[in-house]
Amino acid sequence: MALERELKFRLSARAASEIARALALGAAERFVSIYFDTPDQALRRARVALRLRCAGHRWRQTVKCDLSPLARGEWESKAPGERLDLARLPLAEIRETSGIDLGAVAARLAPQFETRFARRSVELDFGDATIEAALDRGALIAGRRRAPVLELELELKSGEPCALLGYARSLVEPFALRLAVESKAERGYRLAKNEPSAPPRKWQPVDIAGATPSEALTRLVSAALAQAGANAPGVLASDNGEYLHQLRVALRRLRALMAAFRALEPKAKGLKPRIRALSPTLGTARDWDVFVASLPKRSALLATARRRQSKARVAARALLAGPLFNDFLLYAFQWAERARWQSPALPLGEFAAEGLERLHGKALKLAERIDWRSPPERHALRIRVKRLRYACDSLSPCFLAAAVEPNLAALEALQEDLGELNDIAVARRLAAELDGDAGLARRLGGRERRLIGRLSRDWAAFAERWPFWRSRS
């Protein structure tokens, strides 16, 4: 199996022309690719792509499977007769790596969509690495539907992944690049299904079985970054507030992972300020989304609040389309790659238990003398609870499932209580900026009293619960 490490970027037509000149890209080579799957899209669900590609007069068949956000397994062979010949591929190895048995589904495979594009490329040396830069310009085709393709691909041919990420960072600001997590194949599937955009990306569980602590950190951080990157296009193209919500969830998960894996001493001083730089703009946009959604249709504040919401969204979109966010993603991927160099002596299960015990203890200590009526004190506890819950969720594969589920349910209930109370505090602040609403103030006060009563009960139940990491298999 070959390991493909590749980054894709969206770019404007103007930037594409500038890149072609600046990198001295070669002559165009034309590609036609046909992607195959079963009627129930078994390959797509397994995150596997099977294509038949013509370059010039040569036909080749390729299977790719996602291994991580930056790495894919790849198998390729000749395809004589301009058709699939799966017997030429290492089917056993593909099945072992991806979980998909191509031989078993071969009779049901059929074309799903095509890509047709011209590629101009060049190989470049960057430090000790060799990187291929390729500019693809063309279209995705599914029946009568078409979608444009204009992207820059950077593929590591030799050297370390950090060099690929470093080179990519050098191009982000000059050419206004936007990292694209979604592959051509996934875009093609959406086109074939007439899905205008990918749905908001929620957290996808990560396989950390058998990993060392440093390997687990790399995988989990990469998954959080992929979640953030996958939701950014939705924020840019849609008014659906769930994209921004899930993007911010990904950043909070990243913070939780840094706290849970603090014993690795992963030197996150460069990463933390980059996250903090994103928070005010994204947080403000989310606050206005939640506030507007909570207002009755006849509220006197609604029209003004919507204008403020629109202004906050414009600022969030400018941030996500700009170099600050895209450089952050690449820097953070670099940070995750470097984290694997740490070598703690403990196995992952013991390491995870120690990290979760520390986060749990901090939350309990903060709540010992808390005034549940105090918004600042509740907010501080909310941060502790979120970090604990996201860390528990990420590290749950290390522990007994039967013990994990009740604990996670209790943490989710607490997070919901504290989140709703935080929404009330934010609503009061934003309403005050709009000169207030007496009726809204009364509703918020009544809701807050009910929630405080529920929160104190939920906290007592959580504090008495036996932590699942003390019951490891």
Neighbours by Cβ (under 8 Å, 6+ apart or cross-chain): first from the range 438-454, without any contact (Cβ under 8 Å) to a residue 40 or more places away in the chain; second in a helix (DSSP H, G or I) and of a type in the set (Val, Ile, Thr): Leu444/Ile424; Arg447/Ile424; Glu448/Ile424; Leu451/Ile424
Name the one entry in Gly436, Gly446, Gly453, Gly419 that is open to solvent by less than 20 Å² (accessible area, probe 1.4 Å) and more than 31 Å from the chain's Cα centre (by Cα). Gly446
Exactly one condition in (1) assigned to a strand (DSSP E or B); (2) touching a Gly at 6+ places or on another chain (Cβ under 8 Å); (3) open to solvent by 30 Å² or more (accessible area, probe 1.4 Å) is not met by Val32; state its number. (2)
Could you list all residues from the range 44-58 that are crowded, with 19+ Cβ neighbours inside 10 Å and without any contact (Cβ under 8 Å) to a residue 40 or more places away in the chain? Leu52
Identify, by number, the condition in (1) open to solvent by less than 50 Å² (accessible area, probe 1.4 Å); (2) in contact with a helix residue (DSSP H, G or I) (Cβ under 8 Å, 6 or more places away or on another chain); (3) part of a strand (DSSP E or B) that Ala106 doesn't meet. (3)
Among the residues of the range 199-235, write down those that are without any contact (Cβ under 8 Å) to a residue 40 or more places away in the chain and either under 16 Å from Met258 (Cβ atoms) or in a helix (DSSP H, G or I) (or both). Ala224, Gln227, Asn231, Gly234
Within the range 361-395, track down each residue that is aromatic (Phe, Trp, Tyr) and within 13 Å of Leu455 (Cα to Cα). Trp372
Trp75 vs (1) open to solvent by less than 40 Å² (accessible area, probe 1.4 Å); (2) touching a Lys or Arg at 6+ places or on another chain (Cβ under 6 Å): all pass except (2)
Which one of these does Glu132 not meet: (1) more than 24 Å from Leu324 (Cα to Cα); (2) of a type in the set (Asp, Glu); (3) in contact (Cβ under 8 Å) with a residue 40 or more places away in the chain? (3)
For the range 239-288, give me each residue that is open to solvent by 10 Å² or more (accessible area, probe 1.4 Å), outside any helix (DSSP H, G or I) and touching a Gly at 6+ places or on another chain (Cβ under 7 Å). Asn240
Out of curiosity, is Ser121 in a strand (DSSP E or B), hydroxyl-bearing (Ser, Thr, Tyr) and open to solvent by less than 30 Å² (accessible area, probe 1.4 Å)? no
So, restricting to helices (runs of 4 or more DSSP H) that lie completely within the range 296-372, which ones have at least 1 residues that are farther than 23 Å from Lys272 by Cα? 302-321, 348-367
Candidate set from the range 191-215 (those that are of a type in the set (Gly, Ala, Ser) and more than 28 Å from Ile34 (Cα to Cα)); member that is surrounded by the most Cβ atoms within 10 Å (Cβ to Cβ): Ser214
Anything in the range 147-175 that is of a type in the set (A, V, I, L, M) and either modelled with pLDDT under 95 or open to solvent by less than 40 Å² (accessible area, probe 1.4 Å) (or both)? List them, or say none. Ala147, Val149, Leu152, Leu154, Leu156, Ala163, Leu164, Leu165, Ala168, Leu171, Val172
Report yes if Arg14 is of a type outside the set (A, V, I, L, M), open to solvent by 60 Å² or more (accessible area, probe 1.4 Å) and touching a helix residue (DSSP H, G or I) at 6+ places or on another chain (Cβ under 8 Å), otherwise no. no
Residue ID - most open to solvent (accessible area, probe 1.4 Å), chosen from residues in the range 78-87 that are within 18 Å of Asp37 (Cα to Cα) and not in a loop (DSSP other than H, G, I, E, B): Glu82
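The values are calculated or read from the model by the stated rules, or taken from the named source; none is laboratory data. All figures in this text were calculated on a predicted structure; none of them were measured in a lab. Cβ: placed from backbone, ideal geometry, glycine included. Neighbour counts: every protein chain shown. Side chains are part of the model used for accessible areas, which takes the heavy atoms of the whole protein and leaves out ligands, DNA and RNA. Shrake-Rupley method; radii C 1.70, N 1.55, O 1.52, S 1.80 Å.
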